[in-house]
Amino acid sequence: MTKALIVVDVQNDFCEGGSLAVAGGAAVAAAVSEHIAAGGYDHVVATRDYHVDPGGHFSETPDYVDSWPVHCVAGTAGASFHPELDVTAVQAVFSKGAYAAAYSGFEGTSGTGEQLTDWLRVHDVDQVDVVGIATDHCVRATAIDAARAGFATTVLLDLTAGVAANTVDSALGRLREAGVVLRGDPRVG
């Protein structure tokens, strides 16, 4: 088995002090760094929201379902990875959402235009662990897409942060239905 860690959207705007902060985001960044340092992965990749003009995804009056406050604008400090996340081991970054809403890391592309599914297959990955922010949005979407693509998928919930208890509970149900293995307990704001 070739195993990869997918680090989802551990960015400044999703951590405390950011424009769309999730409580516990900074702690998740530090914990993910410790987890990476402990080893156990053949590959480590990261995803990021990297918006240019995502249309109705941004709103001055967001509904927090389909529209959100401005966040993770390409080239801004808010779009940068959180300083507590050590990205030294990250082999590829997949940016998503330039011109539309994008929740799953599998909607992103690398700097060379390669999609995450293709990158993982080229590197003979068959098993992935998913961590990051937010449990109930981008982590959920990324893990479900990983399972649909045929990867044995586990979400390490201790290394995630969720927005709200009700949406995290719903996400956990959807993850189980998709055949994703869940380990640990999520941090919920």
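The values are calculated or read from the model by the stated rules, or taken from the named source; none is laboratory data. Nothing here was measured: the structure is a model prediction, and the numbers come from that model. Backbone-built Cβ (ideal geometry, glycine too); neighbour counts: all protein chains shown. For the accessible areas, the whole protein counts, side chains as well, though only heavy atoms, and no ligand, DNA or RNA atoms are used. Shrake-Rupley method; radii C 1.70, N 1.55, O 1.52, S 1.80 Å.
Of note:
- Shape category assigned to the range 61-120 from the gyration tensor of Cα positions, a/c cut at 1.5: oblate
- Backbone geometry of the range 58-65 corresponds, through the Karplus equation with coefficients 6.51, -1.76 and 1.60 at θ = phi - 60°, to 3J(HN,Hα) couplings of 9, 8, 6, 10, x, 9, 6, 10 Hz, x marking Gly and Pro.
- The packing ranking, built from the mean of other Cβ atoms within 10 Å per residue, places the peptides 153-160, 105-112 in the order 153-160, 105-112, highest first.
- Listed residues ARG140, ARG183 arranged by accessible area, highest first, probe 1.4 Å: ARG183, ARG140
- Helix-only mean residue ellipticity at 222 nm for the chain, each DSSP H run of n ≥ 4 adding -39500 (n - 2.57), per residue, nearest 500: -6500 deg cm²/dmol
- Applying the Karplus relation 6.51 cos²θ - 1.76 cosθ + 1.60 with θ = phi - 60° to the range 68-84 yields 3J(HN,Hα) values of 9, x, 4, 7, 6, 6, 3, x, 9, 4, x, 7, 6, 5, 4, x, 7 Hz, where x marks Gly and Pro.
- Spin-label pair VAL52/GLN91, simplified geometry with 7 Å Cα→Cβ offset, distance in nm: 2.8 nm
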